[in-house]
Amino acid sequence: MLHQHLIDLSDYPVTWWKKIIELGEKIKENPEEYAHKCDGKIMATLFYEPSTRTQMSFQTAMIRLGGQIIGFDNPANSSVSKGETIKDTTKIVSSYADILVIRHPLAGTAKASALTADCSVINAGDGGHLHPTQTLTDLLTLKIEKKTLSGLTIGMCGDLINGRTVHSLCKALSMFDNNKFIFISTPQLRMPQYIKDIIKANGSTLEEVDTLEEAIGKLDVLYMTRIQQERFSSEAEYLAQKNTYVLDHRKMLLARKDMIVLHPLPRVDEITVDVDDDSRAMYFTQAKYGVFARMALILTMLSEDKSTQLLRGKVYDGIKCDNPRCITNQEHYLPKSFRSGGDETLLECEFCDERKLI
């Protein structure tokens, strides 16, 4: 049986993304028409780290489609606490379900799961790597609220090095015409080079600035992110970055009247509550649209009889990924598969995209 997986939106053409976005718009307008589309179907949710919106929106999406849910939101309450591997957990749970949704703190885990799963796998966030279903949510929000996905100036602010949501969204929006990116962060939290390389290769432009004030007046979209304490190696490193960027009413006065503010949530203190009443604040609406985006994704994946090619590179014996937060450095049975792009001296891990010189 063929299994279609969503690990990275880049695995699919833009036409496929547009199909899901268009279906999400239709579901938003007439949700009752889709109430029984997944009758008899089961979705398994494996959440190895905390989540509110992503987990609940997936659950809500499946329930609204008429399906049912199994899974866990705390690995301590599962056989994972006994040392069970990702492979074994996925193999067992996927035999119970029609579609599996996984979130994990290590990059590449969704792809590792898909290698042996007996059903379709959806990446609900793998560490600081990717978050494709948040990207579908963001694209749907932009399509509804800005009426376009092209010709936008998008500001990304905050923890850009660890922000899987901004990584996925940058890769996606750079595929549309005439989009420009302004990255607002400290030098320690800059966007990873491989994301900047993708943006440039896709023909979009970017600039990097240090302060929110110097960028906000140029933006059509401001995408705020929290400084992610769980991604730092020490509390001191986190505290050195905390509260660097705070969007408040005063800064909103510098912004365009039609600029919108997005945030993947949860927020900590990077957006003050006085911004919530501004008509340009779209982050709560954005979370609501996430249900429609995930309903559209579930329907699409369950209706298409396709097989996703997960590994396209080459296995290099004796070479391992340099990223300590890559799943291949925890689950040692996984193939050490790398892309080379024709240059055998520069390899890119197929699980986490970390680059390695040899």
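Restricting attention to strands (runs of 3 or more DSSP E) lying wholly within the stretch 318-358, give those where 3 or more residues are in contact with a Gly (Cβ under 6 Å, 6 or more places away or on another chain).
Answer list for the stretch 318-358: 337-339.
Exactly one condition in (1) out of contact with any Asp or Glu (no Cβ under 7 Å at 6 or more places or on another chain); (2) without any contact (Cβ under 8 Å) to a residue 60 or more places away in the chain; (3) of a type outside the set (S, T, N, Q) is not met by V14; state its number.
With respect to (1) out of contact with any Asp or Glu (no Cβ under 7 Å at 6 or more places or on another chain); (2) without any contact (Cβ under 8 Å) to a residue 60 or more places away in the chain; (3) of a type outside the set (S, T, N, Q), V14 is out only on (2).
Give the stretch 267-316 a look and list any residue that's without any contact (Cβ under 8 Å) to a residue 12 or more places away in the chain, part of a helix (DSSP H, G or I) and not aliphatic (A, V, I, L, M), or say none.
F284, K288, S303
Out of the residues in the stretch 174-197 meeting the condition of being assigned to a helix (DSSP H, G or I) and in contact with a helix residue (DSSP H, G or I) (Cβ under 8 Å, 6 or more places away or on another chain), tell me which one is surrounded by the most Cβ atoms within 10 Å (Cβ to Cβ).
I195
If you scan the stretch 1-59, which residues turn out to be among the aliphatic types (A, V, I, L, M), open to solvent by 80 Å² or more (accessible area, probe 1.4 Å) and either assigned to a helix (DSSP H, G or I) or in contact with a His (Cβ under 7 Å, 6 or more places away or on another chain) (or both)?
First, the residues of the stretch 1-59 that are among the aliphatic types (A, V, I, L, M): 1-2, 6-7, 9, 14, 20-21, 23, 27, 35, 42-44, 46, 56.
Retained after the next criterion (residues that are open to solvent by 80 Å² or more (accessible area, probe 1.4 Å)): 1-2, 56.
Of everything in the stretch 1-59, just one residue is among the aliphatic types (A, V, I, L, M), open to solvent by 80 Å² or more (accessible area, probe 1.4 Å) and either assigned to a helix (DSSP H, G or I) or in contact with a His (Cβ under 7 Å, 6 or more places away or on another chain) (or both), namely M56.
For the stretch 152-173, what are the residues that are buried (at least 22 other Cβ atoms within 10 Å of the Cβ), of a type in the set (V, I, T) and not in a helix (DSSP H, G or I)?
Residue satisfying the conditions is I154 alone.
Do we find a residue being β-branched (V, I, T), within 22 Å of G125 (Cα to Cα) and within 20 Å of the chain's Cα centre (by Cα) anywhere in the stretch 184-195?
yes
Take I92 and tell me if it is among the aliphatic types (A, V, I, L, M) and free of Cβ contacts under 8 Å to residues at least 60 places away in the same chain. So that I can check it myself, show each step before the final result.
Details: among the aliphatic types (A, V, I, L, M): yes; free of Cβ contacts under 8 Å to residues at least 60 places away in the same chain: yes.
Answer is yes for this residue.
Can you pull out every residue in the stretch 99-116 that is open to solvent by 10 Å² or more (accessible area, probe 1.4 Å) and outside any strand (DSSP E or B)?
P105, L106, K111, L115, T116
As an exercise: evaluate L149 against (1) more than 22 Å from M295 (Cα to Cα); (2) not in a helix (DSSP H, G or I) and give the number of the one condition it does not meet.
It fails just one condition, (1).
Name the one entry in D88, D126, D73, D138 that is touching a strand residue (DSSP E or B) at 6+ places or on another chain (Cβ under 8 Å) and surrounded by fewer than 23 Cβ atoms within 10 Å (Cβ to Cβ).
When all the criteria are applied, what remains is D73.
I want to confirm something. Restricting to the stretch 60-79 and keeping residues that are assigned to a loop (DSSP other than H, G, I, E, B) and under 19 Å from L106 (Cα atoms), which single residue is farthest from the chain's Cα centre (by Cα)?
In this case the residue turns out to be S78.
When the stretch 196-215 is examined, which residues are found to be touching a residue at least 24 places away in the same chain (Cβ under 8 Å) and within 18 Å of the chain's Cα centre (by Cα)?
Answer for the stretch 196-215, where residues must be touching a residue at least 24 places away in the same chain (Cβ under 8 Å) and within 18 Å of the chain's Cα centre (by Cα): I198, I199.
If a residue must be of a type in the set (V, I, T) and either out of contact with any helix residue (DSSP H, G or I) (no Cβ under 9 Å at 6 or more places or on another chain) or open to solvent by less than 10 Å² (accessible area, probe 1.4 Å) (or both), how many such residues does the stretch 198-207 contain? First the steps, then the outcome.
First pass over the stretch 198-207, keeping only residues of a type in the set (V, I, T): 198-199, 205.
Add one more test, that the residue is either out of contact with any helix residue (DSSP H, G or I) (no Cβ under 9 Å at 6 or more places or on another chain) or open to solvent by less than 10 Å² (accessible area, probe 1.4 Å) (or both), and what stays is 199.
The qualifying residues number 1.
Here's the yes/no breakdown for (1) in a strand (DSSP E or B); (2) open to solvent by less than 10 Å² (accessible area, probe 1.4 Å); (3) at pLDDT 90 or above:
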{"site": "A215", "(1), (2), (3)": "no, yes, yes"}
{"site": "K218", "(1), (2), (3)": "no, no, yes"}
{"site": "Y245", "(1), (2), (3)": "no, no, no"}
{"site": "K251", "(1), (2), (3)": "no, no, yes"}
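The values are calculated or read from the model by the stated rules, or taken from the named source; none is laboratory data. The model shown is predicted, which means the values in this text are computed figures rather than measured ones. Because the Cβ atoms are built from the backbone with ideal geometry, glycine has one as well, and the counts that use them run over all protein chains shown. Surface areas here come from the heavy atoms of the whole protein model, side chains and all, with no ligands, DNA or RNA. Shrake-Rupley method; radii C 1.70, N 1.55, O 1.52, S 1.80 Å.
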